[in-house]
Structures are given as C-alpha cells and as structure tokens.
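Comments concern the structure below.
Quick note: the coordinates plus some simple rules give every number you see, no bench work behind them. On a predicted model such as this, the values are computed, not experimentally measured, just so you know. Here the Cβ positions follow ideal geometry from the backbone for every residue, glycine too, while neighbour counts run over all protein chains shown.
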Amino acid sequence: MKQIFIVEDDDDIRELLEYLLMSREYKVQSFATAEGFKSYLPQEDPDLILLDIMLPDGNGLDICRDLTLSSNKNHIPVFLMSAHENPSRNKEVGAVDFISKPFDLNDLCSRISKQLES
Amino acid sequence: MKSIVSENKDDFNRKAAQLQLDFRQMWEETDVPFYTCDKEGYLTFFNKAAVALWGRTPEIGKDLWCGSGKIYYPDGQQMPWEAHPLNQILRGRITPERQKIRIKRPDGTMRYLLTNPKPIFDANKNLMGAQNVLIDITGEKEDEIKQATLSAIVESSDDAIISKDLGGIITSWNQGAEKIFGYSENEVLGKSITILIPPERMKEEELIINKIKSGQKLDHFETIRMTKDGRELVISLTVSPVKDKNGNIIGASKIARDITAQVKAQSEIKKHTRNLEILNYIGRNISRSMDIQAILQQVTDATTKLTGAAFGAFFYNSINEQGEAYKLYTLSGAPREAFEHLGMPRNTEMFHSTFYGKEVIRVADVKKDKRYGHNKPLSGMPEGHLSVSSYMAVPVISASGSVIGGLLFGHSEKGIFKAEHEDLVLNIASQAAISLDNSKLFEQVKSLSAKKDEFIALASHELKTPLTTIKGYLQLLGQKESDPLSERFLNKSISQVNKLNTLVEDLLNMSRIEAGKLDYNIEVFDLKEMLRDIAETFSHSCKSHQIIQKISEVSALVEGDKQRIEQAVNNFLTNAVKYSPGANKVFLTLEVGERTAKVKIRDKGIGLTKEQQDQVFSRFYRAENTKGISGLGLGLYLTKQIIDRHSGKIEVKSEEGKGSEFSFTLPLKKKQ
C-alpha cells in the first residue's frame, strides 16, 4: 500500500484529503504544521508528499527545496498546493506537480495515481 | 664858375640822391616785407616780399595802410582801419612794438604778422609818412594753436592721459587722471608710475615698458590699478610709445579708462543670466521629479551654486520616536562625513528659528553673531566642523504651512551671502516645497495602492480556502449514491463554486496587472492542440450550447503562457454562451497565417452597439443590456491585458441583436 504524507494547516481541507485518499486505498499520514512534519519525517519515507505552501510556521516552498537538496529524501516526489498559482517558482524548488486550490477531486486523484505508477 | 660851396652842395645832393636810390633798391630786393605810406596813409612804396605776403599788388597812392584785404586782431576779430598800427603812428599815438595782426589774402588764406611801424620825418622834422616792416609768423602761430588745442583736449578728457619716460617716471598728468586716480598733478609729477600698480601686478609694468621700448603699442589691456585711497579699479589701458623728432622712443603715453562699472555690470548680467538658467532648470526638473531624494539633491546643488556657498545642506524635518531628530538628507560641496558626526542643527539658538519656519538667517560672520556659542557643552562649533564664517539658513515651508526642512549654506570667507541670495533661495525653496508636497502625496498613493494589492492577494487566498473545502465536500457528496435530483442540485452548487472561484481569480489578477506583478510562465505550445482540448472539455461542461469547431489542420506553435491563453479562450467561450441565451451554438475558429495565428469566437447573441464595442475592453465595463447576467466587468479587460502581453491583437465585431465575434492573434514562433 502506497503511503502519502499530507501537510495542510486547514483542518477541513486536511480532513477532506485524508478521507479522499484513504478511500482510494492509500495509507495517509497528515500534519497541520511544518514543525510536526519535519520532526516526523526521519522516521518514515512516504511515496509522495502533498505539501501546502502557506503554513502557519513555515513555507512549503522552503520545505520542498530542503527536501530536493537533501541526500536521503530527494527521491520522494512532492506535490505543492496553494490558492496562489505560481508554477514557475514550484519548478525552481523541485516540486513535480502543482495543485491549485480549489481543486477537482478526480483531477487530483488521477495526477497522484499517475505519479505513483511511474 | 661854380662856387665851391655850390659845387659841394651839388655833390652832396647827388650823393644823397644816389644813397636814397641804393636804399630803395636794397629794400626792393630784400626778403623782408617792407612798405611806406604818406601821412594820409596812401601807400608810397612796397617791395616784392610785401607783395608775396599780401598776396596782391596794391596801387601806389590808392591803397591805404596795407596791401592786403581785411585785417584782424590775433583772436580773429576784425580790426578797423583806424586801429592799424600805421594809422596809430601817424596820429602820434604810441603803439606797442611788434604788434600782432592777422590779414586775409585775396585767396582767402590768413597770415599772422608782426608789424614794426615807424614814422618818417623830413630834414626839418616834418612828418612825411610812415614805414612798416612785416614779419610773417604764421607757422609759429599755427603750432601754438595746435598745441593749445591738444592740451585742452587732453585736459578735458574723462580718460586718464598720462605720459611717462622710459624709466616709468610720470611726466604729465591730466585732470582725467586726477579724477580717476585721486592724485593731483603736483603730487605725481616726477614720481614712478608704480604708485598706481597693485603689488601683485608689478610685473606688468616691466612687460609694458619692454613692449614700449621695442616700439609696440598696448591696446585695450584690461587690468587693475589702485587709487590714492587704495580702491582697486578695473581699467582698460592703451599705452603707445612717444618719439622725438628723430624717431627715438623717449617715453610712453598712457590712456586709462575706468571700466569698473562696466565690468561690474557685465558680470552682474552674466550672474543674472546664470541664475535665471539655474532657476529655469530647477523649476523644470523638480516639478517633473517624484522622488523626494532627487528633488532635495537638485535643490541643494542649485541653491549652493546660486548663493556661491562653499557647501550647502538640506536638513529634512523628520521626527523620530524620541520626538525629535533632524535627518541629514542632501549635501552639496562637502562630503557626507563632514556632517555625519555632528549633532542635528535644530536645537541650537542659531538654527532654531530657521527650522521652525520663522525666518531666514543670514550672517556675515557667524562667530560674531549674538546667537552663536550659546549651546553647552560646546559653546561654538564642534571640533572637526567645516570652517564657516558666512552663514545662511532658509526654511522650506509647505503649502499647508508646515516646515518641511531647512537649507543651510556656509562659506569660510565673511560676508558672502547677500539679500538677493535670500530671495533666490526662498524662491526655489517654495517651488521645492510644492514638489515635495506632491511627492509626499505620490508616496502615500503608492503605499496605499501597495496595501490594496496586498489586501486583495490576502483576501483572495482567504476566500479560496473555504471554496476549496466546499467544492471538495460537494464532490464527495456527489460520489455517494443519491437520487438524480440531489445530483442535479450538487452539480449546480459545484458550478456556482467554480464561478465564484473565477471571480476571485479575476480580482486577484487585476490587482496583479495593476501592480505590474502578473507572472507569465512562457513555454512553446501548439495552439491547435490547445483549442481542440478546450473544445472537448467545453462540450462536456456546457449543455446549453453546441460548439462548432473550424480549426486549422496545420499546427500553430506559439510562445507564451499556456495557462493564461487557455484562460482567455475560455473567457471568450463563456461570454459567448452567457450573452446568447436564445441561441444554441457558438463557433470556434483557428486560422494559421504566415506569421500569426488568429482565433475567432462567434456567437448569435444579443450583440453590442458601436459604443459598447469601443468600451468592452475597459476595466469594470458592463454593457447596459446585460441586466440579469452576472459579472464584474473584468473578464475582457484581463483577456486584453494577457493578449497584449503576448504581442497579440484583440478585436471585436458585432451587430446589435445578431451576435458578436471576438478574435485575437498571436505571433507564431519563428521557424529555426
């Protein structure tokens, strides 16, 4: 079973994503803060990270860049999420895809499964 | 036989007659003009020399007194015949010997004569007549007159006319020289010309004398000379060599004209012209500039130049949290370090009134001013302060009356600043104040605008978060098994959420465009493929209208932001559907040309009037007949901005009631 980490500070969106992905047979671990995510990360490598950009204690772009530059986590694909679109910056930090909010559930699921199949 | 007595008498008479003849002959031949007359004045004898002098041959026994025409006194007045020296003599009057008279000759020329009249007596002492010896003194007399005239000209001249010998010793000195230099003739004759030359110009005299010695002339040489009371004059000097009869240079004549006033006037004119130029320049430039720092620098530079200050500074009134501070803003003529370590000038007795807008302060010598040195602990200028004697401070006051700041000028020499400088600086300061007020307003507007953009960015983000949740949960609900009615309602809700999202997106994009911050993600893509995808997606989501495609088979590679072009096409299609409620078809066309691709979106809807067509791309514009059709009036404005940024051309053709056709072109990517 593929595992996905969700980093999203909005409770309702996080719950929505958890429900959606679990219903599609993914193992889900979710975090509301950058700190919570970073402290848990060493314990497990997920198959994909769904990362919100605007977090109360950090910026998804910075976290993504750190992951890309790290030697042991740079193989994990990252999907950035934001209500502000800015695709060029996402490429710079090494994200494989960008999900603009509000998103379409079917579109999101198909992009995730495509990524995990590859 | 003749007696011896008689013989002797005859002999005597014969001898006397011979003697008379000899004398007469001698008088006739001599070069000395000579003539005689009888006791009535009729001429009895004259010689050739007299004829030559008179210029005519008089008639014996007919002409009276003299052989010439009219006679005159030496001063030019006509002399009556009674006053003729011979007439005087015959009347027994004593006449001065060698009396001078002037005669007029028939050819109109005048001669000056000296007369020597003598009476003639016979042996019995009876008056027989008179004789006159004439001496022609015309040449001497003319020289004398010329000399007198020249002296008069020299004396009456306003220019100083001085002569000196080759040793520089003054030999003549006219009244003009006295007037200009203040020395009287007696004071300077025999003294050296160097008394007029300022010590630092002593070398000049050497050069002048050398030039004169070599026979050269010095023409209109401008220099400085000193008066008796020590004033310095600007003079224009012409020095020429003076030669004696044999052509030897024996000295120099010197004509000096006082041109101090003229030079001063010229330099005044020059100064005024320059001032006007600076005023003009500053007026033009500070009103154009919106940058406070640039305005202040220009004002500081210009006023420093205008006042002739060694340095100028603009202190800007800005109050810090401690409630006081003067921020040094701009400097001219001195390095920033010269001021940075010094205290702010507002709090001293000297500067207080300037910076509170009361008055201009102008002092000739700051150290002698009663306001100077009252501030402890320094009681004067701090160590390392620029050397200042002349000082001027001018407040800069805004239109509202608040003091914006102050301009300070300094110079190490005393008495540099004049009343006219006050006026100049006040003039510029008031212009600068207006510009500064404007810039302040401009800064405020800019800052408000930035705040607005920030707010819109934040608000749109905040709005999208709940939209994301609503859309997500509605979709989740739709995935549950439910009755068709619920599904229809859910789809309507989702469609409205999408619409709401588009509105929020439009607002955000508009604020980004206004701020020039709309990012474009440029890539190469095929417009043909894109339009086909859009048409397919559109036909799924739009149930009311059928999309009729007429898309070129040729691919159309363009360079641009794919997502935003897609957004533009979707916007046109959405509008086509929205504004053709009575129709069921919309048309999408792609034409590929040589250099451009053209996309057309046509509907059979309500159409636009000519006036509406002109305005349809303006921001917040909504046609009047669109009541009941929602929208912010941003869609076409944003679309035009996007197409413009891609160097494309956007157009509308429409007929009211029949429909509209919107089109845009994009440049094709050049083939490599």
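Just a few scattered comments:
- Alpha carbon centroid spacing (whole Å) that separates region B:89-120 from region B:423-448: 95 Å
- Judged by the ratio a/c of the largest to the smallest principal axis of the C-alpha gyration tensor, the protein assembly as shown counts as prolate, that ratio being 1.5 or greater while a/b is larger than b/c.
- Legend: distances between Cα atoms for B:LYS146/B:LYS213; B:LYS217/B:LYS245; B:LYS471/B:LYS499; pairs beyond 21 Å are B:LYS146/B:LYS213.
- Within-11-Å neighbourhood charge of B:SER580 [Cβ basis; K, R +1; D, E -1]: +4
- For chain B, the longest principal axis of the C-alpha atoms and the axis of helix B:562-578 are separated by about 70°.
- Each of B:TYR473, B:TYR35 was scored by other Cβ atoms within 10 Å of its Cβ. Arranged with the fewest first, they read B:TYR473, B:TYR35.
- In chain A, Cα pairs under 8 Å separated by at least six residues give a relative contact order of 22 percent.
- Considering all different alpha carbon pairs of chain A, the Kirkwood hydrodynamic radius works out to 14.1 Å.
- Ordering B:LEU276, B:LEU557 by the number of other Cβ atoms within 10 Å of each residue's own Cβ, fewest first, gives B:LEU276, B:LEU557.
- Around B:GLY607: net Lys/Arg minus Asp/Glu count, Cβ-Cβ under 12 Å: +1
- Helix-derived mean residue ellipticity, 222 nm - over the protein assembly as shown, DSSP H n ≥ 4, -39500 (n - 2.57), to 500: -13500 deg cm²/dmol
- The trypsin sites (Lys or Arg not before Pro) of region B:475-571 that meet both conditions, a loop assignment by DSSP and at most 12 other Cβ atoms within 10 Å of the site Cβ, are B:LYS480, B:LYS517, B:LYS543.
- DSSP-defined antiparallel bridges as percent of all bridges, region A:29-109, nearest 5: 20 percent
- Restriction of the chymotrypsin sites (Phe, Trp or Tyr not before Pro) in region A:7-52 to DSSP coil positions whose beta-carbon has at most 16 other beta-carbons within 10 angstrom yields no sites.
- Entry note, chain B: relative contact order of 6 percent, from Cα contacts under 8 Å with a spacing of 6+ residues.
- Each eigenvalue of the Cα gyration tensor of region B:472-601, multiplied by 5 and square-rooted, gives one semi-axis; in descending order these are 30, 21, 14 Å.
- Relative contact order %, region B:134-209, counting alpha carbon pairs below 8 Å whose residues are six or more apart: 21 percent
- For B:GLU523, the residues whose modelled amide H falls within less than 5 Å of its own, excluding neighbours fewer than 5 places apart on the same chain, are B:GLY560, B:ASP561, B:LYS562.
- Order of B:GLU487, B:GLU611 under a 10 Å beta carbon neighbour criterion, fewest first: B:GLU611, B:GLU487
- Spatially proximal aspartates and glutamates relative to B:LYS480 (Cα-Cα < 12 Å; intrachain offsets below 8 disregarded): none
- For the residue pairs B:LYS15/B:LYS39; B:LYS528/B:LYS669; B:LYS517/B:LYS598; A:LYS38/B:LYS517; A:LYS114/B:LYS543; B:LYS492/B:LYS600, alpha carbon separations beyond 23 Å are given by B:LYS15/B:LYS39; B:LYS517/B:LYS598; A:LYS38/B:LYS517; A:LYS114/B:LYS543; B:LYS492/B:LYS600.
- Cα long-axis angle, helix B:527-541 against chain B (0 to 90 degrees, to the nearest 10): 40 degrees
- Charge context of B:ILE278, other residues only, Cβ under 13 angstrom, K/R +1, D/E -1: +3
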